[in-house]
Ligand code: 13P
């Protein structure tokens, strides 16, 4: 695990202003836990409100458009989320790839847009169960990343990778520890080949998929797992802080 683990909550399409109390509680706790970096990615509608509420934790977006601006009804640009207070954006999430037909090429273009707007990027990758069962998980995930890396110059400063096997998202099923460890090692190997060994030591690789307070400790203890990208369990401060505490080997919540 990285010296300073990174625990990111992805609220997905959840949350109205009533959820600001959870963000505040998470932020208050994070102020006392400097050994772990904590962040939340609320829906677009709450980015500014969460940014105004919190002092310690990072705030990010869950997506952005690839274009700078223009006639794209209903879309939101990287500069817009940055203006609202986001410091990073999650890109290439499987729910975007599947639900919105996002291709590797589109994800790569979005990465370019996000970096140009000064945002850091959490780049998601992950295989379907079918691909895993066919023995092609690693080739598939590394293929997704190769395409996305084409737009990244300064990986060490700007990039985090999140490995989220699709079949483990929201299903209560986590990948086996050996499988997680092997995939994270392969991802770190590719980062080294692409950006050099120094960057490989600096880019954080998060695991995502049914991470909970009860399983976080063993997942986060794996050598190449530098943190977690958390969906369902990030929606309450109690659950999310359980994971944050687990990241620093602390049972107290
Ligand atoms: P769950 O933690 O709900 O499985 O979601 C994981 C995820 O997709 C985070 O981006």
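The values are calculated or read from the model by the stated rules, or taken from the named source; none is laboratory data. This one's a predicted model, so the numbers in the text were calculated from it and none came from an experiment. Glycine gets a Cβ as well: all are built from the backbone with ideal geometry, and neighbour counts include every protein chain shown.
Screening residue 104 with (1) without any contact (Cβ under 8 Å) to a residue 60 or more places away in the chain; (2) more than 13 Å from residue 186 (Cβ to Cβ); (3) surrounded by 18 or more Cβ atoms within 10 Å (Cβ to Cβ) gives one miss only, at (3). In the range 169-191 there is at least one residue matching the filter, namely being touching a residue at least 60 places away in the same chain (Cβ under 8 Å), within 16 Å of the ligand (Cβ to nearest atom) and exposed (fewer than 15 other Cβ atoms within 10 Å of the Cβ). Residues that are more than 16 Å from the ligand (Cβ to nearest atom), touching a residue at least 12 places away in the same chain (Cβ under 8 Å) and either surrounded by 15 or more Cβ atoms within 10 Å (Cβ to Cβ) or over 21 Å from residue 77 (Cα atoms) (or both) are absent from the range 89-99 altogether.
Taking each residue of the range 122-143 that is free of Cβ contacts under 8 Å to residues at least 12 places away in the same chain and looking for partners that are assigned to a helix (DSSP H, G or I) with beta-carbon atoms closer than 6 Å, six or more apart or interchain, yields 131/137; 131/140. Checking each residue in the range 236-249 for being modelled with pLDDT of 95 or more and out of contact with any strand residue (DSSP E or B) (no Cβ under 8 Å at 6 or more places or on another chain) picks out 236, 237, 238, 239, 241, 242, 245, 246. Go through the range 1-22 and give me each residue that's over 11 Å from residue 241 (Cα atoms), surrounded by 15 or more Cβ atoms within 10 Å (Cβ to Cβ) and more than 15 Å from the ligand (Cβ to nearest atom). Hits for the range 1-22 are 1, 2, 5, 19, 20.
Please verify whether residue 230 is without any contact (Cβ under 8 Å) to a residue 40 or more places away in the chain, within 16 Å of the ligand (Cβ to nearest atom) and either surrounded by fewer than 23 Cβ atoms within 10 Å (Cβ to Cβ) or within 14 Å of the chain's Cα centre (by Cα) (or both), treating the condition exactly as stated. Against the criterion (without any contact (Cβ under 8 Å) to a residue 40 or more places away in the chain, within 16 Å of the ligand (Cβ to nearest atom) and either surrounded by fewer than 23 Cβ atoms within 10 Å (Cβ to Cβ) or within 14 Å of the chain's Cα centre (by Cα) (or both)), residue 230 does not qualify. Of everything in the range 207-220, what is more than 11 Å from the ligand (Cβ to nearest atom), buried (at least 16 other Cβ atoms within 10 Å of the Cβ) and farther than 19 Å from residue 23 by Cβ? Give them in sequence order. Passing the criteria: 217, 219, 220. Restricting 198, 238, 223 to those that are under 20 Å from residue 56 (Cα atoms) and surrounded by fewer than 17 Cβ atoms within 10 Å (Cβ to Cβ) reduces the list to 238. When the criteria are applied in full, residue 161 fails the requirement of being in contact with a strand residue (DSSP E or B) (Cβ under 9 Å, 6 or more places away or on another chain), within 16 Å of the ligand (Cβ to nearest atom) and farther than 17 Å from residue 223 by Cα.
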